[in-house]
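Colleague: Structure below; questions to follow.
The values are calculated or read from the model by the stated rules, or taken from the named source; none is laboratory data. The shown structure was predicted, so the numbers you read here are calculated from the model rather than taken from an experiment. All Cβ positions, glycine included, derive from the backbone under ideal geometry; neighbour counts span all protein chains shown. To get the accessible areas, we keep the full protein, side chains included, count just its heavy atoms, and leave off ligands, DNA and RNA. Shrake-Rupley method; radii C 1.70, N 1.55, O 1.52, S 1.80 Å.
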Amino acid sequence: MTEETPGFDEKPEGTPSDDSADEKGAGPADKAGPAPAGEELVEAGLQAQLDQAQAALNERTADLQRLQAEYQNYRRRVERDRAQVKEVAVANLLSELLPTLDDIGRARDHGELVGGFKSVAESLETVVAKMGLQQFGKEGEPFDPLVHEALMHSYAPDVTETTCVQILQPGYRIGERTIRPARVAVAEPQPGAQGKAEGESDEESGGPDEG
């Protein structure tokens, strides 16, 4: 028998195998993970989600601010309406008391406000004053059709404009709201009195200049 010579199938010692060659052939690029393009896509997706969340937050914030403004306006309207209703209710109540206050005024003018009746009358006047009722109308003040009601009319030489010369019934108001105008007698300047006064003024100054 002849001796068997080593075949070509047998690899000499120290020769790297195919598997080890493959492992050594794997460079750093294979172990670096996702490609840079993939990272940019991920960042773009996250940024898009962040922008969407920020837009939603801004929209919700605007809705909240709008609701808050509407609530503030509603509350102001409710408070204003409540104050108006209260003022009207108080005005209606005090209007029913005006005839009684007129009787108290006439009794005071005639000296009949004495004893227990005086105490009751003063207590009533104090209560209505605390509720905001104010009396107005004085002799000698200029006539104002917004707050005065003229029941009598005359002419007087000592007035230069329509003037309240007598208060027949005082007026009453609550704040800026007039409950009842003052009923008065008025006097106007005498017809021609103003022209006469101007003529007298011209005479005192020497009259018109002569050419």
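Colleague: Compute the orientation-averaged projected area for region 63-118 from the convex hull of its Cα atoms and round it to one decimal in nm².
Modeller: Spelled out: convex hull of the Cα atoms, projected over all directions, averaged, 5.5 nm².
Colleague: Can you give the accessible area of residue 177 in Å² (nearest 10), computed on protein heavy atoms with a 1.4 Å probe?
Modeller: 100
Colleague: If you don't mind, another one. Which value does Rg/Rh take for region 32-170 over its C-alpha atoms, Rh per Kirkwood?
Modeller: 1.56
Colleague: If you filter region 103-175 for GluC sites (Glu not before Pro), then keep DSSP loop positions with at most 15 other Cβ within 10 Å, what is left?
Modeller: For GluC sites (Glu not before Pro) across region 103-175 that sit outside H, G, I, E and B with at most 15 neighbouring Cβ atoms in 10 Å, the list reads 112, 139, 161.
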